[in-house]
Amino acid sequence: MSSPVSKLDSFVIREYLARDFDLVGICPAVTPSGLSRFHQWLDAGYAGEMSYLPERREAYAHPRSVLEGVRSIVMLGSKYGVAAEPGETENVGKIARYARNGVDYHDVIHARLKMAKKHFESIEPTAKFRGVVDTAPLLEREFAQLAGIGWQGKNTMLISPTDGSWFFLSALLTDQTLEYDSPFEKNHCGTCTACLDACPTNAFVEPYVLDGSRCISYFTIESRSLPEPPFREGIGDWLFGCDICQEVCPWNRKQEALLDAQKASNNPLAGPKTGLEKQDLHFLFEMNEEDFRQRFRRSPFWRSKRRGILRNAAIVLGNLLSPDSIPALEKGLNDPETLVRAASAWALGRYSGDVSDAAIRKRLEIEENSTVLGELKRAARE
């Protein structure tokens, strides 16, 4: 079937998108070459509790499941702030760099894609477009490599030779036939294993294969349960997400220099703006559901919900072992959410002393949930 005659071409599309996106590449809409690897990954159980991935297994076979009649995919990269860690502050957990400004990147990028769609359809009313940001059944990194943006590193991140991996991927699908970029064929990881060696939870089964169910980002964002005991210490002081495998990547070192220029721009994805990067862990335990909603409704924290963030906070306090954290953990031990109580029980069990022991034994007398009871008994060393 011949392509429809269109007023749009690759130059027009690239020129417009370059205003709002840092990386632009175009590829054909085809079955992704890594589909079989994705199926093997699912079959191995590496998706953990992320049931939406296997549930849409077949939809990943071709981009037509996202847009019927699709011929081309414009892959887009949006840089985000890469501020270094905040200065040493007690009782503050680490937050992944993409989330520190408190902005939900989905909202920002969706708005940009919506404007682009409207603009292109005004030029060519018969054209079809759909913009997506990591929620559609699309193997974005596969298509980004096909579009020439970069290669998939050993840490499974998409790495650009000029921009490292500190960027979000999104896509604009269209039924228009465009001029395509050459695929990114080279892999520049070489013999480096820095990312694999640095992971505290040993989430990398082998180079280029991440067991998502062992990843700190998974534990603190996607999972709705309490990690198994061997992984809790590995989470360390990460409250939300994790950047370790990106921070140690040599291709990201030079990206630190981009921070000042980004802060000076009007890019809402760049640089801290809300103080989220220094969230007091103790204060989190003072917040009820409505407080949490008011504070974090439009932030990345909302994905984990209050119970998930307090679970994370309890685990971090259990790893930091700061004595002045015991009152906050006592509040967690009496929280309405079983997940928060269970995490707080584990954390208090890491402390030694009469105060923490008394709190644990007091809760033991009234607790009814079996999961929490198990954590309390282990904490009490019964």
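The values are calculated or read from the model by the stated rules, or taken from the named source; none is laboratory data. These numbers were taken from a predicted model, which means no experiment stands behind them. Heads up, the Cβs are rebuilt from the backbone with ideal geometry, glycines too, and the neighbour counts pull from every protein chain shown. Surface areas here come from the heavy atoms of the whole protein model, side chains and all, with no ligands, DNA or RNA. Shrake-Rupley method; radii C 1.70, N 1.55, O 1.52, S 1.80 Å.
Annotations for the structure displayed:
- Residues (in contact with a Lys or Arg (Cβ under 7 Å, 6 or more places away or on another chain), within 20 Å of Thr156 (Cα to Cα) and surrounded by 14 or more Cβ atoms within 10 Å (Cβ to Cβ)) located in region 40-76: Leu42
- Put simply, of Ser72, Ser78, Ser122, Ser65 the only residue that is free of Cβ contacts under 8 Å to residues at least 24 places away in the same chain and among the polar types (S, T, N, Q) is Ser122.
- Looking only at residues of region 7-39 that are among the small types (Gly, Ala, Ser) and in a helix (DSSP H, G or I), we find that the one that is least open to solvent (accessible area, probe 1.4 Å) is Ser10.
- Region 336-352, subset open to solvent by 10 Å² or more (accessible area, probe 1.4 Å) and in contact (Cβ under 8 Å) with a residue 12 or more places away in the chain, residue nearest to Thr220 (Cα to Cα): Leu339
- Options Asp181, Asp197, Asp211: the member that is more than 24 Å from the chain's Cα centre (by Cα) and at pLDDT 95 or above: Asp181
- Every listed requirement among (1) open to solvent by less than 50 Å² (accessible area, probe 1.4 Å); (2) closer than 23 Å to Cys215 by Cα; (3) in a helix (DSSP H, G or I) is met by Phe120 save one, (2).
Each row is one residue, and each column tells you yes or no for (1) open to solvent by 80 Å² or more (accessible area, probe 1.4 Å); (2) without any contact (Cβ under 8 Å) to a residue 40 or more places away in the chain.
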| position | (1), (2) |
| --- | --- |
| Glu286 | yes, no |
| Glu289 | yes, yes |
| Arg295 | yes, yes |
| Ser299 | no, no |
| Asn319 | no, no |
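- Residue check: Asn312 meets all listed conditions (1) out of contact with any Ser or Thr (no Cβ under 8 Å at 6 or more places or on another chain); (2) more than 23 Å from Asp22 (Cα to Cα); (3) modelled with pLDDT of 95 or more but one, namely (1).
- Residue in region 104-116 that is open to solvent by less than 30 Å² (accessible area, probe 1.4 Å), assigned to a loop (DSSP other than H, G, I, E, B) and out of contact with any His (no Cβ under 8 Å at 6 or more places or on another chain) present: no
- Scanning region 308-344 for residues being closer than 13 Å to Arg232 by Cα, aliphatic (A, V, I, L, M) and touching a helix residue (DSSP H, G or I) at 6+ places or on another chain (Cβ under 7 Å) gives a total of 7.
- Out of Phe240, Phe296, Phe285, one residue alone is in contact with a helix residue (DSSP H, G or I) (Cβ under 6 Å, 6 or more places away or on another chain), modelled with pLDDT under 95 and not acidic (Asp, Glu). It is Phe296.
- Per-region count, region 353-373, residues of a type in the set (Val, Ile, Thr) and open to solvent by 20 Å² or more (accessible area, probe 1.4 Å): 3
- Residues within region 179-236 that are open to solvent by 50 Å² or more (accessible area, probe 1.4 Å), small (Gly, Ala, Ser) and assigned to a helix (DSSP H, G or I), tallied: 0
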